[in-house]
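A short write-up of the structure that comes next.
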Amino acid sequence: MNAPTPPLRPFIVPVFIPHAGCPHRCIFCNQHATTGQKASMPSLIDIRKHIDDFLAHRRDPDRYTEISFYGGTFLGLAPEQIQLLLATAAAYVRKGLVDGIRFSTRPDTIDAERLDLIAPYPVTTIELGVQSMQDDVLVRSARGHTADETRRAVALLSDRSFGLGLQMMIGLPGDTTAGALATGRQLAGLTPDFVRIYPTVVFKGSPLARWYLEGCYEPLSLDAAVALCAELYLIFARHDIPVIRMGLQAGPELAADSDLVAGPFHPAFGELVRSAIWQDAISRHLEKEGLRGGEVVIEVHSRLLSQIKGQHDHNIIALLNRHDLRAMEVRAKDAVPEDTVLVNGVACRRW
Ligand code: SF4
């Protein structure tokens with residue numbers, strides 16, 4: 001829907017502006033804890049120094065690169081501040097050091113006036129923190145916007161040439177599996193260029209932490225979050241919408257010393273989800289091919305070996321048990337495409 005679309009895996013120079021521009025605090029959020037950064041708005045000198053340092057560590061200077069303002073509500077900032085930040089980043093684009101600018105913002109900050117304000121600057125990608133398309137879940141999370149406002153924001157953005165990313169969360173208070181899947185289907189219907197899925201975790205200092213300690217909120221277990229994310233991933237995959245991230249990324253999105261209280265955090269969360277999707281696909285294939293009780297050889301591209309086996313051979317053990325297999329061997333074979341495995345020589349696709 002948006003052209004030209006920047007590559008899906010750009011080199012990102014993240015500039016964190018924790019809670020800057022946010023009208024209030026959503027109940028699950030503590031960006032200071034997430035990013036480990038105390039100041040809401042770093043000075044322009046600090047921003048330039050940070051960008052220079054980051055670019056100095058870019059291994060491939062030809063890689064498509066975006067300066068990204070994360071951690072706050074970019075379009076909720078005062079217009080002069082938006083212009084100052086964009087002008088600072090745009091100087092790097094003019095010098096040919098980066099290719100564009102990206103930022104994340106709330107759906108209710110998208111309007112024609114603000115889009116006109118940023119039009120002179122080389123903004124390439126906008127990410128909307130949607131979180132849910134269930135109005136009651138949005139209310140409980142104190143988001144302060146509705147699902148309709150998300151639809152309106154996406155419609156406004158579709159008239160402009162930005163790459164569009166949508167972020168959703170699972171495990172928010174009051175949400176259910178059915179609700180999260182409905183959110184996934186509705187977001188897929190909005191045809192973004194990519195999505196991110198974040199399981200809700202509890203950060204010290206967030207209102208949710210108080211609810212958790214008072215016994216009013218229970219986060220998803222890791223297993224439940226992985227299973228739900230796998231279903232959502234498949235919804236987006238069937239619509240050819242890339243899921244570029246599942247789970248907070250240790251490092252850029254979650255400082256090592258962050259105050260995580262509870263919740264389904266795992267440093268390789270996305271890998272767990274992709275592994276669960278393969279386990280399910282292979283299980284259905286074994287059933288369909290009548291391989292119960294037999295011996296199975298699985299051939300996969302070497303890049304997929306760990307995903308197919310699962311962490312600590314989790315998938316192998318589960319499949320052996322579920323199908324009473326006598327033996328299962330997983331072998332690398334780079335001639336096999338990465339969306340397929342060969343099970344005793346017969347192709348099994350991921351979905
Ligand atoms: S979730 Fe987004 S809008 Fe809400 S407080 Fe955090 S950064 Fe601000």
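Computed from Cα positions, the angle between helix 44-56 and the longest principal axis of the chain comes to roughly 40 degrees. With respect to the chain, whose longest principal axis is taken over its alpha-carbon atoms, helix 222-238 is tilted by about 80°. In this simple spin-label approximation, L320 and H50 carry label points 7 Å from Cα along the Cα→Cβ vector, and these lie 4.8 nm apart.
Mind ranking 78-84, 184-190, 198-204, 314-320 by how tightly packed they are, going by the mean number of other C-beta atoms within 10 angstrom, highest first?
On the way: 78-84: 13.6, 184-190: 19.7, 198-204: 22.1, 314-320: 17.6.
Result, highest mean Cβ count within 10 Å first: 198-204, 184-190, 314-320, 78-84.
For the chain, a crude dipole built from +1 on the beta carbon of Lys and Arg and -1 on the beta carbon of Asp and Glu, taken about the Cα centre, is about 300 debye to the nearest 20. Remark: the I12-A142 segment gains 43.9 nm on full extension, using 0.36 nm per residue and subtracting the alpha carbon distance. Summarising the amide proton neighbourhood of E127: residues at separation of 5 or more, or on other chains, whose placed amide H is nearer than 5 Å comprise F103, S104, T105, G165.
Hey, got the dipole for segment 142-237? About the Cα centre, +1 on K and R Cβ, -1 on D and E Cβ, debye to the nearest 20? Walk me through the numbers before you get to the answer.
Details: 8 positive and 9 negative charges, 51 e Å.
For segment 142-237, the charge dipole is close to 240 debye.
Computed from backbone phi, the HN-Hα couplings of segment 328-339 come to 9, 10, 10, 10, 7, 8, 6, 6, 7, x, 6, 9 Hz, rounded to whole numbers (Karplus: 6.51 cos²θ - 1.76 cosθ + 1.60, θ = phi - 60°; Gly and Pro given as x). For segment 312-322, backbone phi angles converted through the Karplus equation (6.51, -1.76, 1.60; θ = phi - 60°) give residue-by-residue couplings of 6, 6, 4, 5, 4, 4, 5, 6, 4, 5, 5 Hz, Gly and Pro being listed as x. Neighbour counting of Cβ atoms within 10 Å sorts the residues W211, W351, fewest neighbours leading, into W351, W211. Within a straight-line Cα-Cα reach of under 17 Å, K333 can be paired with the following lysines, leaving aside sequence neighbours fewer than 8 residues apart in one chain: K309. The calculated pair-distance distribution of the chain uses every alpha carbon pair, bins of 10 angstrom beginning at 0, and gives 5, 23, 30, 24, 13, 4, 1 percent. Ranked by the mean number of other Cβ atoms within 10 Å of their residues, highest first, the peptides 332-345, 295-308 fall in the order 295-308, 332-345.
Rounded to the nearest 10 degrees, the angle from helix 177-189 to the longest Cα principal axis of the chain is 70 degrees. Dipole size of segment 219-351 about its Cα centre, with +1 on Lys/Arg Cβ and -1 on Asp/Glu Cβ: approximately 400 debye, rounded to the nearest 20.
Within segment 1-61, list the trypsin sites (Lys or Arg not before Pro) lying in a DSSP loop whose Cβ has at most 13 other Cβ atoms in a 10 Å radius. Provide the component values of the computation, followed by the final result.
On the way: sites: R25, K38, R48, K49, R58, R59; in loops: R25, K38, R58, R59.
Qualifying residues, ordered by number: K38, R59.
Check each of the trypsin sites (Lys or Arg not before Pro) in segment 87-134 and keep only those in coil by DSSP with at most 12 other C-beta atoms within 10 angstrom; list them in order.
Here the trypsin sites (Lys or Arg not before Pro) that fit, given the DSSP loop and packing criteria, are K95.
Spacing of the modelled spin labels on H312 and T88, each 7 Å from Cα toward Cβ, amounts to 4.5 nm.
Based only on other Cβ atoms within 10 Å, what is the fewest-to-most ordering of S158, S221, S206? List each step's numbers first, then the result.
Working: S158 15, S221 12, S206 22.
Ordered by Cβ neighbours within 10 Å, fewest first: S221, S158, S206.
Each stretch of four or more DSSP H residues adds -39500 (n - 2.57); spread over every residue of the chain, this sum gives -11000 deg cm²/dmol at 222 nm. Taking the inverse of the mean reciprocal distance over all distinct Cα pairs, the Kirkwood hydrodynamic radius of segment 195-274 comes to 13.4 Å.
No value in this document is a laboratory result; all are computed from the given coordinates. No experiment lies behind these values; they were computed from the predicted model shown. Ideal geometry is used to build each Cβ from the backbone, glycine not excepted, and the neighbour counts take in all protein chains shown.
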